[in-house]
1. Anything in the range 53-89 that is β-branched (Val, Ile, Thr) and within 22 Å of Gly18 (Cα to Cα)? List them, or say none.
2. In the range 12-45, which residues are farther than 18 Å from Asn78 by Cβ and not β-branched (Val, Ile, Thr)?
3. When only residues in the range 33-67 that are on the phi < 0 side of the Ramachandran plot and small (Gly, Ala, Ser) count, which is most open to solvent (accessible area, probe 1.4 Å)?
4. Checking Leu70 against (1) open to solvent by 70 Å² or more (accessible area, probe 1.4 Å); (2) at pLDDT 85 or above, only one condition comes out false. Which one?
5. State all residues of the range 99-123 that are among the aliphatic types (A, V, I, L, M) and open to solvent by less than 80 Å² (accessible area, probe 1.4 Å); if no residue qualifies, say none.
Amino acid sequence: MRDTILTFEEKAYRQIKGTAIGASSSVAIAEIFVHEVFESQRISLQKGPNLYFRYIDDIFGVMVGGMEELDNFYSWANGVHPNLKFTLEKGQRELNFLDTTIYIDPVTRRLETKAYYKPTNLHMYLQ
């Protein structure tokens with residue numbers, strides 16, 4: 001998974017880390033890598049998300065407690081492996097995850113979902 005050559009605007013580039021861009025095996029390799037490196041260490045944590053879901057390298061979790069515990073988990077996650085870097089989206093009532101917005105219904109107090117569209121989505125479709 002090193003030394004992949006790719007071209008862009010008639011220039012050749014050598015990819016020195018990671019899987020080949022666009023390769024069909026990239027998703028499977030990423031899933032295996034994150035599972036082996038991240039999940040093997042996460043299960044031994046004393047404090048972490050009370051609700052936890054992962055899709056390849058995207059994680060959704062709910063933590064009960066203060067922001068300090070969330071920040072500690074985030075710091076821990078970014079220290080697991082030098083090639084894994086996570087971003088953190090915080091929300092008290094609503095959070096975007098992949099192509100959904102997950103929110104707490106004000107009446108039922110249950111987690112609900114609705115479609116989320118990134119601001120860059122132009123909603124242009126082929127006939």
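1. Ile56, Ile59, Val80, Thr87
2. Result: Ala12, Tyr13, Arg14, Gln15, Ala20, Gly22, Ala23, Ser24, Ser25, Ser26, Ala28, Glu31.
3. Kept after step one, since they are on the phi < 0 side of the Ramachandran plot, are these residues of the range 33-67: 33-55, 57-64, 66-67.
Of the ones still in play, those that are also small (Gly, Ala, Ser) are 40, 44, 48, 61, 66.
Numbers: Ser40: 65, Ser44: 83, Gly48: 26, Gly61: 35, Gly66: 40 Å².
Only one residue tops the list, namely Ser44.
4. (1)
5. Residues satisfying the conditions are Ile102, Ile104, Ala115.
The values are calculated or read from the model by the stated rules, or taken from the named source; none is laboratory data. Quantities reported herein were computed from a predicted structural model and do not represent experimental measurements. Counting neighbours? That spans all protein chains shown, and the Cβs are built from the backbone with ideal geometry, glycine included. These accessible areas exclude ligands, DNA and RNA; they are computed on the full protein's heavy atoms, side chains included. Shrake-Rupley method; radii C 1.70, N 1.55, O 1.52, S 1.80 Å.
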